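Read the structure below first, then the notes.
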Amino acid sequence: MNDRILVLYGSYRSERKGIRLADFVVGGLRARGESADLIDAKIVGLPMLDRMYKEYAKGEAPLAMEVLATKIRAADAFIFVVGEYNWGMQPGLKNLTDHFLEEWFWRPAAIVSYSAGRLSGARSNFLWHGTLSEMGMVVISSTLTIGPISQTLSAAGEPIGDAGHQLQRAFPHFADDLAWWTEAAKNQRASKAPPY
């Protein structure tokens with residue numbers, strides 16, 4: 001049985017390049033037989049956080065929030081494709097994740113970071129690790145860091161040059177690590193109810 005994996009991406013910029021990486025990750029997972037869906041914060045279009053999903057009465061949350069909550073609860077694992085703005089997180093993806101809490105619990109998450117420069121979003125990657133852990137996810141140790149992104153992936157999300165070749169070589173190990181943790185979490189949830 002394939003795993004249901006949500007790939008979350010959050011840039012709102014008009015000429016965003018990180019979508020190339022999100023598309024690459026979704027395609028790589030699907031090629032492995034996984035059920036992978038892209039959650040693009042810009043397309044989902046949640047407002048700036050005022051009320052979390054759990055703060056609405058049942059059936060009263062905005063439709064986009066309700067649909068996304070259902071997808072998050074049904075997922076077996078998550079991959080966060082994160083860029084770096086001024087040594088920090090992209091606000092669009094952070095805003096999307098903050099609308100939910102319990103929906104994320106007891107599943108593994110992986111981080112894929114990118115930037116236009118040589119540091120490959122490493123600082124954002126580091127910041128997301130603690131945030132996702134606090135939100136109830138087990139963050140796996142494997143990560144992918146991509147930079148400069150425009151020299152790694154074409155506009156169509158296809159690997160190019162030496163950097164693209166390195167990404168292709170690194171992806172299977174990354175995906176295997178996530179698959180191991182996904183199976184472990186599924187088995188544990190099936191055998192024992194979470195403690196809260």
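The values are calculated or read from the model by the stated rules, or taken from the named source; none is laboratory data. Values in this document were obtained by computation on a predicted structure and should not be read as measured data. Methodologically, a virtual Cβ is constructed for each residue, glycine included, from the backbone with ideal geometry; neighbour enumeration extends over all protein chains shown. SASA here: full protein model, heavy atoms, side chains in, ligands and nucleic acids out. Shrake-Rupley method; radii C 1.70, N 1.55, O 1.52, S 1.80 Å.
For the reader, a short list of remarks on this structure follows.
- Taking the protein heavy atoms of the range 45-196 in the context of the full set of protein chains, the accessible area attributed to carbon and sulfur is 57 percent at 1.4 Å.
- Heavy-atom surface of the chain, accessible at 1.4 Å and reported per residue (Å²): 51
- In order along the range 49-58, the Karplus-derived 3J(HN,Hα) couplings, from 6.51 cos²θ - 1.76 cosθ + 1.60 at θ = phi - 60°, round to 4, 10, 10, 6, 3, 5, 8, 8, 5, 3 Hz, and Gly and Pro are given as x.
- Rg/Rh (Cα only; Kirkwood hydrodynamic radius) as it applies to the range 133-196: 1.16
- Set of lysines near Lys186 by C-alpha distance (under 22 Å), chain-local residues within fewer than 8 positions excluded: Lys71
- Using only alpha carbons, the chain has a radius of gyration to Kirkwood radius ratio (Rg to Rh) of 0.96.
- Sequence-ordered 3J(HN,Hα) estimates for the range 147-159 from the Karplus curve with 6.51, -1.76 and 1.60 and θ = phi - 60° stand at x, x, 5, 6, 9, 10, 10, 6, 4, 8, x, 8, x Hz, glycine and proline given as x.
- Once you reduce the range 110-148 and the range 13-82 to the center of their Cα atoms, the two points are 17 Å from each other.
- Packing here is the average count of other Cβ atoms within 10 Å per residue, and on that basis the peptides 164-176, 48-60, 30-42, highest first, run 30-42, 164-176, 48-60.
- Three-way shape label, the range 1-108, alpha-carbon gyration tensor, a/c 1.5: oblate
- In this structure, the amide hydrogen of Val7, modeled 1.01 Å from its nitrogen in the peptide plane, lies closer than 5 angstrom to those of Asp37, Leu38, Ile39, Ile79, counting only residues at least 5 positions away or on a different chain.
- Relative contact order [Cα under 8 Å, 6+ residues apart], the chain, whole percent: 22
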